[in-house]
Amino acid sequence: MEKSRVNIKLGHKDEYRRIDEWPFHISAGGVVYQVEQGKAMVLILHRGPEFNTKLNRESKETWHLPKGTMKYTESLAEGAIREVREEAGVEVEIQAYLGSRIADWIEDGRHYIKDHHYFLMQYLEESEVPMDDEHEAKRWFPIDEAAKRLEWDKEAVATAKIALSKILK
């Protein structure tokens, strides 16, 4: 008989999301790739200035990898696959763990800590789940071009490039 369970007393009730009383946030996602004419192409998501303003974010163009908040009941891999499906509307196969990046910042006098986990993911097909409404578009770019467009996820793409050089020999 199993007796272990999740019974969160401090933090968001369903997921690893920061709240005023608890500063920790964990997200997972990945570098989604496919090979076109011998070249690795990476899928990245786009938000334009007006769209970011609608989401109460800084009014500028942004590109980023698909990723999002983990649920307490998921493994990192399960959460990453779910988030990529929800954000980008694609089905993927995880091929490697690419590590994590921790960011911390002060906002409204509170200290927050966010841990992002990344996987290398091979594109399989479009999902029955459509792309979410947090993004305006998704586009495929050669891996070096994708890295240039990203503001935040550059390290994950650099690690993915190393991993792909070994996988795609």
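Before moving on, here are some points about what is shown:
- Residue check for ILE26: of a type in the set (Val, Ile, Thr), in contact with a strand residue (DSSP E or B) (Cβ under 7 Å, 6 or more places away or on another chain) and modelled with pLDDT of 95 or more: no
- In region 37-69, the residue that is modelled with the lowest pLDDT out of those that are farther than 20 Å from SER27 by Cα and assigned to a strand (DSSP E or B) is LYS39.
- Only residues that are touching a helix residue (DSSP H, G or I) at 6+ places or on another chain (Cβ under 8 Å) and over 14 Å from ARG85 (Cβ atoms) were counted across region 117-136, and they come to 4.
- Taking residues in region 6-22 that are touching a residue at least 24 places away in the same chain (Cβ under 8 Å), and partners anywhere that are assigned to a loop (DSSP other than H, G, I, E, B) and β-branched (Val, Ile, Thr), the pairs with Cβ atoms closer than 8 Å and at least 6 places apart or on different chains are VAL6/THR73.
- Condition met for ALA137 (closer than 20 Å to SER100 by Cβ and aliphatic (A, V, I, L, M)): no
- Unmet criterion (only one of (1) without any contact (Cβ under 8 Å) to a residue 60 or more places away in the chain; (2) in contact with a strand residue (DSSP E or B) (Cβ under 9 Å, 6 or more places away or on another chain)) for ALA40: (1)
- Taking the criterion of being more than 14 Å from the chain's Cα centre (by Cα) and surrounded by 13 or more Cβ atoms within 10 Å (Cβ to Cβ), the residues of region 18-34 that qualify are ARG18, ILE19, TRP22, PRO23, PHE24, GLN34.
- Listed by first and then second residue, the pairs with beta-carbon distance under 6 Å, at least 6 apart or on different chains, first residue in region 147-160 and surrounded by 15 or more Cβ atoms within 10 Å (Cβ to Cβ), second outside any helix (DSSP H, G or I) and of a type in the set (Ser, Thr, Tyr), are ALA156/TYR118.
- Qualifying helices (runs of 4 or more DSSP H) (wholly inside region 70-169; at least 3 residues being under 24 Å from ILE26 (Cβ atoms)): 76-88, 154-167
The values are calculated or read from the model by the stated rules, or taken from the named source; none is laboratory data. Please read these numbers as outputs of a predicted model, since none were measured by experiment. Please note: Cβ atoms are built from the backbone with ideal geometry, for glycine as well, and neighbour counts cover all protein chains shown.
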